[in-house]
Structure formats: structure tokens, C-alpha cells
1. In nm, to one decimal, how far is the residue 209 label point from the residue 92 one, both placed 7 Å along Cα→Cβ?
2. Amide H to amide H, which residues 5 or more places from residue 216 or on other chains are under 5 Å from it, using H placed in the peptide plane?
3. If you roll a 1.4 Å probe over the range 1-119 with all protein chains in place, what percent of the accessible area is carbon or sulfur?
4. Here are a few candidate values for Cα extents along the principal axes in Å: [x] 53, 45, 42; [y] 57, 47, 33; [z] 54, 50, 40. Which one was actually calculated from the structure I just gave you?
5. If eta is 1.567 mPa s and T is 4 °C, what Stokes-Einstein diffusion coefficient results for the range 125-171, Kirkwood Rh from Cα pairs, in µm²/s?
6. Report, in whole Å, the centroid distance computed from the Cα atoms of the range 112-154 and the range 206-270.
7. Per Stokes-Einstein, at 37 °C and 0.692 mPa s, what whole-number D in µm² s⁻¹ belongs to the range 54-147, with the Kirkwood radius over Cα pairs as the hydrodynamic radius?
8. Give me the percent of accessible area attributable to carbon and sulfur for the range 177-223, probe 1.4 angstrom.
Amino acid sequence: FHTYYTGWLDVNFRGDDPATWLWVGDQFFPAPPPGESIRMYPPTIADPATPGTIFEGASHVWRTQDWGGSQAFLEAHCNTTNQFGTSDQLFTGNCGDFVAIGPSLTAASFGTRAGGNMAALDRGTDAGTLWAATSNGRVFVSKNADQAPTSVTFTRIDKPDQPTRFPSSVSVDESNPNHAIVTYDGYSTTTPGQPGHVFDVVFDPVSGTATWTDISNDLGDQPILDSAFDSVSGDTYVSTDFGVDRLVKGTTTWIPAADGLPMATVSGLRLTY
């Protein structure tokens, strides 16, 4: 239902016809709000539990709860192909109704690894758990991301021995919103005091802390591009510049995800059941 590039974000209320795409990215393009930083490919996810909710990462996490705005208004004024009305409101600030939730997750007030912008987002299947990671290596969990914007809180859970490299993905366990796989780009040789590429992370919402287990094992020192956790089997999948690997639950050896896969870069993963 959406596509994005450099903050671009379209929604579609009418199936998969590109002619009916509606622009809702005014908060991010052609320029983000003052003081806000956004990636060329910003992390953007649809809420798996609450239809209409979309999260996009910049310096804050931003959220809409109605697919970006009124369908009638968007179709009359923000259709990128003039399929319905006009495109007279594009880039005026009126196409889209995303709002920042909680504090800036890149702010110095959270301590070390400040700056950068949002690198990864993922939601649990409960009412309000949202995981977020910043490009400088911070990792956060919110337990009330569905609440009023100023009421949303985030707990920082990374520790000094986690890599300072770019967090390439967060994959939340659909059966347990407090459990996720967190992966890192880059090479451990550049952060010898903070090695590792794939971590199994369990958040304790009572203590506000998390247990990190490095499950990189025999993957080798290579960038991880994305991950997917299978909550049914308990297996973990990661993609790299050379294909897709799988760690079967209870084992410590990574194997190819399937026979006959080509040796090729795989930038993204998604599990379907």
C-alpha cells in the first residue's frame, strides 16, 4: 500500500493500481522539519495490529493513524497522477498527517552514540510495542507507541559492548513482542572491542533492561543486510551480499536458507505464512 524514497511516501486506498497512489509525505519531503534528519531510504512500517497506522523513522519516530490522512482530501488534492482531482496541495504541508511521537531518539539527552537518524523499525503484534534503532547504534523499545504522541516513551536498551556500527535490521518475534533479532552492517574488524553481527535480544519491561546474545557464530565477519525471525519454527534468517542464511533453533551452525540459491546480494527479507 505504500512506497517511499528519500522520505517519499504514497498510500493507496484502491488496490494495487499505481494511478491511484496518493502522496502523504509532506512532513519529510522536499525537506524534513527543522532539526530532523532522515535517511535516503527511511525505515517505514505498517502496524501489523492496528490498520491505518504507519511509522516512519527520521530523528524521531513519526506516526499516522489514518493511512496518512482523509481519503477524500488526499484523492481531491494529493493524487500524484491527477486520477481523481488535482495535485494542487503537493509539497504544501497538507498532504499527510504524520506526527512525531515521543522524544528524538538521536538526541544528546540519551547519552552516548548521539546524532544520526533512524536506521530500523519493527512492531510487535500487541497493542503498543515498537522497536527502533538509530544509525549510530542506539536501540530502543517503546511499550506504548499507540498512545498520544506526547505520552509515548522509549527505553534505550543497547549496552557499551554492542557494536557501534549501523544496525541494519530489527525483526520482532510475532509470538513475543519483547523478543527480537537485531543485526549490524559493517565488519567487526572496524570495532574490535564490540564484535558481532546477529544478536538475539530479550527485553524485560519491568527492569527496563535487555539480554543480548551474540548468535553470529560461524557466519564470518561480513555485513548483515536484513533479518527475519520465524516465530513458528524459532529459526532465524539473515541476508548478506552473498545470499540468505538460516540458523535453525537450537543449533549454532548457519546453513543456506535453501538449496540452489544464487550467490547474490539480498537487500531485504520478509517471511510469509
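1. 5.4 nm
2. 197, 198
3. The C+S portion of the solvent-accessible surface of the range 1-119 is 57 percent.
4. Among [x] 53, 45, 42; [y] 57, 47, 33; [z] 54, 50, 40, the one derived from this structure is [y].
5. Using the Kirkwood radius from Cα pairs, D works out to 113 µm²/s.
6. 22 Å
7. Calculated translational D: 222 µm²/s.
8. Carbon plus sulfur share of accessible area: 57 percent.
The values are calculated or read from the model by the stated rules, or taken from the named source; none is laboratory data. Given the structure is predicted, the values throughout are model-derived calculations rather than measurements. With ideal geometry, Cβ positions are generated from the backbone for all residues, glycine too; neighbour counts draw on all protein chains shown. Surface accessibility is based on the protein's heavy atoms, side chains included, excluding ligands, DNA and RNA. Shrake-Rupley method; radii C 1.70, N 1.55, O 1.52, S 1.80 Å.
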